[in-house]
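Structure first, commentary second.
The values are calculated or read from the model by the stated rules, or taken from the named source; none is laboratory data. Everything numeric in this text was worked out from a predicted model, so none of it was measured. So basically every Cβ, Gly included, is an ideal-geometry build from the backbone, and we count neighbours across all protein chains shown. These accessible areas exclude ligands, DNA and RNA; they are computed on the full protein's heavy atoms, side chains included. Shrake-Rupley method; radii C 1.70, N 1.55, O 1.52, S 1.80 Å.
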Number of protein chains: 6
Amino acid sequence: MSKRADGRADDELRDVKITRGFTSHPAGSVLVEFGQTRVMCTASVNDGVPPWRRDSGLGWLTAEYAMLPAATHTRSGRESVKGKVGGRTQEISRLIGRSLRACIDLAAIGENTIALDCDVLQADGGTRTAAITGAYVALSDAITYLGAAGKLADPQPISCAIAAVSVGVVDGRVRLDLPYEEDSRAEVDMNVVATDTGTLVEIQGTGEGATFPRSTLDKLLDSALAGCEQLFVVQKEALALPYPGVLPEPEESKKR
Amino acid sequence: MSKRADGRADDELRDVKITRGFTSHPAGSVLVEFGQTRVMCTASVNDGVPPWRRDSGLGWLTAEYAMLPAATHTRSGRESVKGKVGGRTQEISRLIGRSLRACIDLAAIGENTIALDCDVLQADGGTRTAAITGAYVALSDAITYLGAAGKLADPQPISCAIAAVSVGVVDGRVRLDLPYEEDSRAEVDMNVVATDTGTLVEIQGTGEGATFPRSTLDKLLDSALAGCEQLFVVQKEALALPYPGVLPEPEESKKR
Amino acid sequence: MSKRADGRADDELRDVKITRGFTSHPAGSVLVEFGQTRVMCTASVNDGVPPWRRDSGLGWLTAEYAMLPAATHTRSGRESVKGKVGGRTQEISRLIGRSLRACIDLAAIGENTIALDCDVLQADGGTRTAAITGAYVALSDAITYLGAAGKLADPQPISCAIAAVSVGVVDGRVRLDLPYEEDSRAEVDMNVVATDTGTLVEIQGTGEGATFPRSTLDKLLDSALAGCEQLFVVQKEALALPYPGVLPEPEESKKR
Amino acid sequence: MSKRADGRADDELRDVKITRGFTSHPAGSVLVEFGQTRVMCTASVNDGVPPWRRDSGLGWLTAEYAMLPAATHTRSGRESVKGKVGGRTQEISRLIGRSLRACIDLAAIGENTIALDCDVLQADGGTRTAAITGAYVALSDAITYLGAAGKLADPQPISCAIAAVSVGVVDGRVRLDLPYEEDSRAEVDMNVVATDTGTLVEIQGTGEGATFPRSTLDKLLDSALAGCEQLFVVQKEALALPYPGVLPEPEESKKR
Amino acid sequence: MSKRADGRADDELRDVKITRGFTSHPAGSVLVEFGQTRVMCTASVNDGVPPWRRDSGLGWLTAEYAMLPAATHTRSGRESVKGKVGGRTQEISRLIGRSLRACIDLAAIGENTIALDCDVLQADGGTRTAAITGAYVALSDAITYLGAAGKLADPQPISCAIAAVSVGVVDGRVRLDLPYEEDSRAEVDMNVVATDTGTLVEIQGTGEGATFPRSTLDKLLDSALAGCEQLFVVQKEALALPYPGVLPEPEESKKR
Amino acid sequence: MSKRADGRADDELRDVKITRGFTSHPAGSVLVEFGQTRVMCTASVNDGVPPWRRDSGLGWLTAEYAMLPAATHTRSGRESVKGKVGGRTQEISRLIGRSLRACIDLAAIGENTIALDCDVLQADGGTRTAAITGAYVALSDAITYLGAAGKLADPQPISCAIAAVSVGVVDGRVRLDLPYEEDSRAEVDMNVVATDTGTLVEIQGTGEGATFPRSTLDKLLDSALAGCEQLFVVQKEALALPYPGVLPEPEESKKR
């Protein structure tokens, strides 16, 4: 049997760390690390919603993903300088937004927008799934913030936790949480977004220059869902600590 | 039981038609219709490959998807006028390219590029999966064209057929090949790309404002794979006819 | 005397066909064919007018022309991907809009916008003049649609028919309706837009690497105007058939 | 009879002035004035030609037209700041380039590019025709410069003079050289580019919200061609003066 | 001691000329010349202010700088064609705006915007400082215009004159008002914007591939401030002449 | 006397920290903190130089500055999404590049490019000067890296240290190292880039809606230069530690 370069078992996650309060300005700010992959996930709350949603009484949640130029092994050009956002970046931004919208009741936050920014400080595979896992925690803090400010119609608008992980077939074996070295030569690559209530939010599997039987899909899913269970534990531990910043006064008490 | 608005059974495809030789200039030109969804799929052969692939001896296959402004119920703005390609368009273009690269040996076509263009003339749901299904046929014609021109290192560089179909959960039921009316209110939406050798190329499933259990994923896959089997039959029938244009002389005989 | 490659007389049009109801979503949808040149012309009706025209009580008519990538002999890059609309495309879009605005009373359609989209599916010379000729028919259908919806202040806001044709000097001879093979080596190239009431809307004549005497201009005009007469007949025949889709109920009857 | 606001007869040009040597860096630099319309026309000579023309032995001539923001009555936004060149600007740039290419043998200048820049300092109608008329003089100076540098294969590569003028129907009368006040309410508007050998280079006539009979076209042409005759005289007088700058030494004599 | 190529003393300005009324449409239009450097500076008055300043009761002043393509020794590409404004252009535009905002009370002009456009017709070093010096005069004329129109809350909203000049270290010597030939090889380059009340508005000094001691900074400032004193004299002489165009009637007298 | 909100003396820096080896992929990676301002500065080494510098034997150093969306108190839009780099960003990027090029002999690094990326994770005033101060340390590490790889023609191509600090007049007092709260209401704002050999690299001072006497400039410079002296100490302490990553083998020893 071929061993994994970093000594992990096939079904073993990398060391996962979630640091809340990584920066101070946004309502939620999280550094999430899956081994050497490090993503800064922030949740900013802005008044108002996009034009197409105005006067609906509903809030909105949007996400933007980006890679810092020096995050990759070889420096990659800055998309602002190129003047356009690449296809991969847009695809991941859309995935993060869709995934997190699955857990929140947007009616409860009124006509406010939560902007999730996931900026990759260092990339070593699995940046999009790390981003989703971290963004959930940043979102939770933003909801706590909105609650303290007295801006929530429903005190608990989040219905479940959301986490994501990558899985793939490497060297003919189903492996969990692929670092770059494995990801770049995987035969099959899959990203799974799941909830802590046992359901799926999104699943994307691709044969990379190869195709795969349905039985492989099943094994990949088994591994990914087991990985997500462990991620929910890490999220819960991180969220068990108090809110890492200063919470606003409720708007009503301010008026007094 | 709630009926489908168009009278189809849950596991029934819309009427699927594939017309080869739809236009004359490209090596492959196909009109594919899934009910009211109509996509023009062309395969153009160009000398040379992108810079990053030069002197590799390998060819390249790329794809671009676009929606004509009047293809949708309400006219949508033209991306050329907006000055940028939207995230959805890029995501689909990338999916089509990846899917078709899964069936072709790019070493066999030498340093040539096959450009697949999938332009939606009329949209009624499932445009990306119709595009993949039609693009496979256009690609086959382009390969025939390259073979006639004596440009193939391997006479049969296509290893399998590729087809794709959408499935979803609508009104609580698993349904195949969703038209716009169903797609726009589906609870779960999935696109499956498969081969006629029984394997998967890509699977993308999303809960739309909802999450879904793994058992639903299994039922969606059952339905999609059965649908793809029928699409392979339609593709084969279309390809049983002779090449719809004038094939080039082999380069060697030209030299004589 | 040098013969035309396709056997036509110098003053003979290619086979011209106009198919209404080519697609179903827009109020007018026409496929126009001048020999191998095929253009899809749609007329979409949208509520409202551009900002600079608001509260004028007047409607607006705008046009966009584009070439599908595989429409030409050699695939041409997509303008959306390049991120800007080329000079030739803009020039033709503006010409089509101006030409069709010449036949319609924009006060009669209220503050609505008619968007004409002319997408070239296959190019073989004369795409801009084919587009104008087809767009007139699509516009007529859109007016019928607006009339049925009870949205016209004047039941017949179109004052005349509009058609256009290319003429040129090729091999020293004045020729009508140039295909690409002639157009690409023409010494003089002219596009004439005319009305069925015998007047001119627009005339653009260019010496291509050469200049031309005024007597040539006169002969070119003779030929073009005779060609337009034939195009008006084809348009009338096409429009003699009933509206190819489902007309809306008048707004008043809906309210009842 | 309605008088022209500036007291001119219908067939009278505005006061036309051509100043050579307006700036010092380019090989040709001309300020052309048609009444209040003032355009700076420069001809810059650069080594080399665009990629598609390399190794052809032929030179190239290109033109760019632009309006300074404060050139118009109401300040107009800068196209560089908008990030794209408008349709009108591109159309005029293309017209100027085509018009001037009609008088020059590009084989004679070798693989050099002449860039004509026509920047409108003050606009009062007829900027594109003034630009063409001035650009011809700047081009002549650039040819003199190239000749002095010993870079011409043919000592006289210009075959004729090029001038252009606008005409139109205003208040029901055919009028020459329209200022903004007339141009903005003209019923028919035409631009004519002609040579001093009596031929036409380009003719563009448009009904502005109206159509026009062929007899009007003839009268417009009569007026425009008579106007061009006067412009050729002004050009000749300007070019009768010596070259306004320092001519280069022939390359051969430099080498000695 | 090394002489300056143009014969000037180290602390001597080039010949400076300011021509008011250079064009007619804008409220202020000035041609400023520092030797061969020639910049057209206009001040246009528009109703309204940018969105972020609305309902503040305050006016706004903005500036845009640009170089005509043929202004430099070797033609430079047009930024509108490139589709973006370069860093140098933006930097200078921002500098001009900041500098002129330092002398005007924006409350006095109400919610109007003054747009300063500084277009370089010919460049020979020091274009940004010439632009500031000329823009002040154009701004003064625009204020006179606004005053005549009865639109000023305060009859004299300009608190001081603004002028600017470049200084540098060339051939080891501190020199004033560098032409291109000196600027391109200066060891230290500094731009100083000053007021006629003896204060500084902006100072930007850069070592070009070298660093410089503080004592050099002091000498550069001495030279620049002495140069500005002379520029204030030229500005005053230019402004001593009457307003070069037709002033509007006060709005109140119009109403009568 | 008005106190500073954070209790500092007027001439006191905020707490400054420099962390080397902040990320692992680039040759130099530094987190620099000036109080709450935190900037990630990386130095990446790439083979080759920009086209205009090829075959010169000289290397190149370039810099890009950017602000993460959530770095500011209120989230700011992402420049990649806007499709263009703002003027402020370009101005700062250019300043950082110029400043660091002042200390390095580009001949010594051969035809390699060092790309400095300064991404602001959290902004609290003085981001550009913090970026320069941190970028110097990242650059030093990149030079160590190049030296270990045997790619330096001169073993010590850095001639001096570079640091930068902001100063300003706030509440009528000259203050060092302004946080956002002071910066946003400063009457005069100045950035000074200096070397540890006592010379200046760049100085930019601006009156913000006010002008300032030369005596103030002198006091600002005194304060800034004293501040830089302290920054050089912090840089030296940081650089006294060993290189924080794995250095490459010299290329020669690799070949053995």
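Tabulated data
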| quantity | calculated |
| --- | --- |
| Chain pair B, A: total accessible area buried, heavy atoms, 1.4 Å probe, Å² | 2600 Å² |
| Debye log10 I(q)/I(0) for the range C:1-102, one point scatterer per Cα, at q = 0.11, 0.18, 0.23 Å⁻¹ | -0.52, -1.16, -1.36 |
| Label-reachable residues, the range B:147-179, where backbone N falls under 20 Å from a point 7 Å from B:S215's Cα toward its Cβ | B:168-176 |
| Antiparallel bridge percentage (DSSP; both residues within the protein assembly as shown; nearest 5) | 85 percent |
| Spacing of the two label points (7 Å from each Cα toward its C-beta) at C:K236 and D:L225, in nm | 3.5 nm |
| Label-point separation, F:N46 to D:K17 (7 Å along Cα→Cβ), nm | 5.2 nm |
| Shielding by other protein chains, F:119-128, mean Cβ within 10 Å | 3 |
| Inter-chain shielding of A:206-217 (mean C-beta neighbours from other protein chains, 10 Å cut-off) | 6 |
| Copy-to-copy label separations for A:A107, where each label sits 7 Å from Cα toward Cβ, in nm and ascending | 5.0, 5.0, 5.9, 7.5, 7.9 |
| Relative contact order, percent, chain F [alpha-carbon distance under 8 Å, six or more residues apart] | 21 percent |
| FRET efficiency, 1/(1 + (r/R0)^6) with R0 41 Å, evaluated for A:A153 and F:S24 via beta carbons | 0.35 |
| Translational diffusion of the range F:162-213, µm² s⁻¹ [Kirkwood Rh, Cα pairs; Stokes-Einstein; 25 °C; 0.890 mPa s] | 215 µm²/s |
| Within chain A, helix-based [θ] at 222 nm, where runs of 4 or more DSSP H residues each add -39,500 (n - 2.57), nearest 500 | -9500 deg cm²/dmol |
| Volume in Å³ per residue [convex hull over Cα atoms, computed for the protein assembly as shown] | 236 Å³ |
| Rounded D (µm²/s) - chain C, Kirkwood Rh over Cα pairs, Stokes-Einstein at 10 °C, 1.306 mPa s | 84 µm²/s |
| Neighbour net charge for C:A70 - beta-carbon separation under 11 angstrom, K R +1, D E -1 | -1 |
| Inter-chain shielding of F:5-15 (mean C-beta neighbours from other protein chains, 10 Å cut-off) | 0 |
| Distances in nm from A:E249 to the matching label points in the other copies, shortest first (labels 7 Å along Cα to Cβ) | 5.8, 5.8, 6.7, 8.4, 9.1 |
| Projected-area average for the range C:136-188 over all orientations - Cα convex hull basis, square nanometres | 5.0 nm² |
| Solvent-accessible area of C:R75 with every protein chain in place, 1.4 Å probe, in Å² to the nearest 10 | 60 Å² |
| Base-10 log of normalised Debye intensity for the range A:121-256 (one unit scatterer per alpha-carbon) at q = 0.14, 0.16, 0.19, 0.20 Å⁻¹ | -0.70, -0.83, -1.04, -1.11 |
| Counted charge near A:K236, where neighbours are those whose Cβ lies closer than 12 Å (Asp, Glu -1; Lys, Arg +1) | -3 |
| Separation between Cα centres of the range F:57-73 and the range D:102-179, rounded to whole Å | 45 Å |
| J(HN,Hα) series, the range E:34-39, from Karplus relation 6.51 cos²θ - 1.76 cosθ + 1.60, nearest Hz, glycine and proline x | 10, x, 7, 6, 10, 10 |
| Cα coordinate range in the range B:107-177, projected on the principal axes (Å, largest first) | 53, 25, 17 |
| Closest-to-axis residue of chain C (Cβ criterion, axis taking C to A), whole Å | C:G83, 4 |
| Label distances, nm, D:D154 versus same residue in remaining copies, Cβ-directed 7 Å point | 5.4, 5.6, 5.6, 6.8, 8.1 |
| Neighbour net charge for C:I143 - beta-carbon separation under 11 angstrom, K R +1, D E -1 | -2 |
| Centre separation in Å (Cα based) which lies between the range C:197-256 and the range F:196-244 | 73 Å |
| Scattering curve values for the range F:41-145, log₁₀ I(q)/I(0), Debye with Cα scatterers, q = 0.10, 0.20, 0.24 Å⁻¹ | -0.30, -1.02, -1.27 |
| Ranked by how many other beta carbons lie within 10 Å on average, peptides B:80-91, E:34-45, E:99-110 from highest | E:34-45, E:99-110, B:80-91 |
